[in-house]
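Notes to accompany the following structure.
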Amino acid sequence: MEQNKYSLVIVGFGGMGSYHVQLIEPCERLAVTGVYDVVDYRLELGAAKGFKTYDSLEAVLSDETVDVVLIATPNDVHKDIAIRALTAGKHVICEKPVTVDSADLSDILEVAKETDRVFMVHQNRRWDEDFLIIQDLIEKKKIGEVFHLESRVQGANGIPGDWRQLKAYGGGMLLDWGVHLLDQLLLLTGSKIDSVTAELSTILGTEVDDGFTSFIRFKDGLTAVIEVGTTNFIKLPRWYVKGTEGTAIIRDWDLSGEIVVNNPDVAKVEPKPIQAGQGLTKTMAPPSEESTLRLPIEKAQSTKQSFYDNFVSVIEGKSEPLVKNEEVHRVLRLIETIFEAAEKRAVLKDLEL
């Protein structure tokens, strides 16, 4: 450590690896000092930014001035790099998904314990504004007791044309985006999971899934639809949440949306029939204007540390990790369950999740 900053080297200086540079910059106790990549032009990009470049992973790990290794490589090599870095005495930050299966993560954590090094996974979507709003809404019961939620990310650009299309590298949308949405979901309830069913999409013809839909039921009665799509020219809302006293919708990352709740000052009125297609319906008639309140989506007030500030605090024994490894392990086990449910075309029950 120099000038009270931990020296960090990024292993894998592609899109996400290079993005970490600007994410780390506000952290006063971490400094990106070097990069390593197997692709020469990425090393040239790192050198152009003023970073030391390494010609091998061994060179990174043998450099005694390096305190932290950040892994931003394809998913299949996370385990090997992490174990080697921990064994070399480095603290480790790893991109998600941390590994392609939960057993590999268990192996990493055993080494982290043996070497007394900090290992944390960059589950950055825990800091997304839309998620924090939904988390706050549920905790404060703004729409009563939430009994159903739907969380989606959708686009029409297919899978990126790189290793994410290849099974051997840990590609596919369940591992790429599903790991985020499932991580968020499990933070929204303290309940165990009762059952899981799922369908994987392979409409684009790649060897990995180009999307998925999973229906998850929790033991406390909460149900959830989690969906990722790369063939959606018209997107469904990012969040749709139903509670006993109202409904909330967030349409996209721009936070457009609204909350509609019962008006406690107005007695419930029998709805009037409306014309619906070729018939009449009272059941599907909207509630009267005076019986509901429409509220705007407001940003949640959050005081939690940034991921990187928290990482430093954990190294120094001042804080608990905001991304706990047991939480990450549970997400991986849920992903494995979704793969299994899709393959068997079954509703999986009696889960230890």
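The values are calculated or read from the model by the stated rules, or taken from the named source; none is laboratory data. Predicted model only: the values in this text are computed from it and were never measured. Don't worry about glycine lacking a Cβ; one is built from the backbone with ideal geometry, like all the others, and counts go over all protein chains shown. Heads up: the accessible areas ignore ligands, DNA and RNA and are worked out on the full protein's heavy atoms, side chains in. Shrake-Rupley method; radii C 1.70, N 1.55, O 1.52, S 1.80 Å.
Table for the structure above
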{"read-out": "Three-way shape label, the chain, alpha-carbon gyration tensor, a/c 1.5", "value": "prolate"}
{"read-out": "Pairs of alpha carbons in region 6-122 whose separation is greater than 16 Å (percent)", "value": "55"}
{"read-out": "Farthest positive-ward along region 6-122 dipole, Cα basis, beta-carbon charges - from 81, 118, 61", "value": "118"}
{"read-out": "Sites residue 220 and residue 38, calculated FRET efficiency, Cβ-Cβ separation with R0 51 Å, nearest 0.05", "value": "0.65"}
{"read-out": "Kyte-Doolittle mean at least -1.0 and Cα axial length at least 27 Å: DSSP H helices in the chain", "value": "325-344"}
{"read-out": "Which listed pairs, of 96/235; 140/344; 141/235; 79/235; 268/304, have C-alpha distances above 31 Å, in listed order", "value": "140/344; 79/235; 268/304"}
{"read-out": "Sites residue 268 and residue 326, calculated FRET efficiency, Cβ-Cβ separation with R0 35 Å, nearest 0.05", "value": "0.20"}
{"read-out": "DSSP bridge pairs, the chain: antiparallel proportion in percent, nearest 5", "value": "60"}
{"read-out": "Relative contact order of the chain, defined on C-alpha pairs under 8 angstrom at six or more residues apart (%)", "value": "16"}
{"read-out": "Efficiency of FRET from Cβ geometry, residue 55 and residue 147, R₀ 41 Å, rounded to 0.05", "value": "0.15"}
{"read-out": "Spatial separation of Cα centroids for region 187-234 and region 87-107, in angstrom", "value": "24"}
{"read-out": "Extended-chain gain in nm, criterion 0.36 nm per residue less alpha-carbon gap, residue 305 and residue 253", "value": "16.6 nm"}
{"read-out": "Gain on full stretching of the segment that runs from residue 128 to residue 319 - 0.36 nm per residue minus C-alpha separation", "value": "66.6 nm"}
{"read-out": "Residue 114 versus residue 275: modelled label distance in nm, points set 7 Å from Cα along the beta carbon direction", "value": "7.6"}
{"read-out": "Size of charge dipole - the chain - debye, nearest 20, with Cβ of Lys, Arg +1 and Asp, Glu -1, no other charges", "value": "980"}
{"read-out": "Heavy-atom SASA rank of 188, 45 (probe 1.4 Å, accessible area, largest first)", "value": "45, 188"}
{"read-out": "Within the accessible area of region 76-120 (1.4 Å probe), percent carbon and sulfur", "value": "47"}
{"read-out": "Reachable aspartates and glutamates from residue 167, criterion Cα separation under 17 angstrom, eight or more residues apart if same chain", "value": "76, 101, 104, 176, 207, 209, 210, 336, 340, 343"}
{"read-out": "Under the Karplus curve 6.51 cos²θ - 1.76 cosθ + 1.60, θ = phi - 60°, whole-Hz ³J(HN,Hα) for region 226-234, x wherever Gly or Pro sits", "value": "10, 9, 10, x, 10, 10, 9, 7, 10"}
{"read-out": "Whole-number percent relative contact order across region 40-102, with pairs defined as alpha carbons under 8 Å at least 6 apart", "value": "30"}
{"read-out": "Percentage relative contact order, region 6-122, counting C-alpha pairs under 8 Å, at least six apart", "value": "24"}
{"read-out": "Projected label distance in nm at residue 107 and residue 350, using a 7 Å step from Cα toward the beta-carbon", "value": "3.0"}
{"read-out": "For residue 171, residues with placed amide H under 5 Å, excluding near neighbours", "value": "166"}
{"read-out": "Å² per residue, accessible surface of the chain at 1.4 Å", "value": "51"}
{"read-out": "Packing rank of 122-130, 282-290, where each peptide gets the mean count of other beta carbons within 10 Å, highest leading", "value": "122-130, 282-290"}
{"read-out": "Label-point gap, in nm, between residue 298 and residue 167 - each point 7 angstrom along Cα→Cβ", "value": "5.1"}
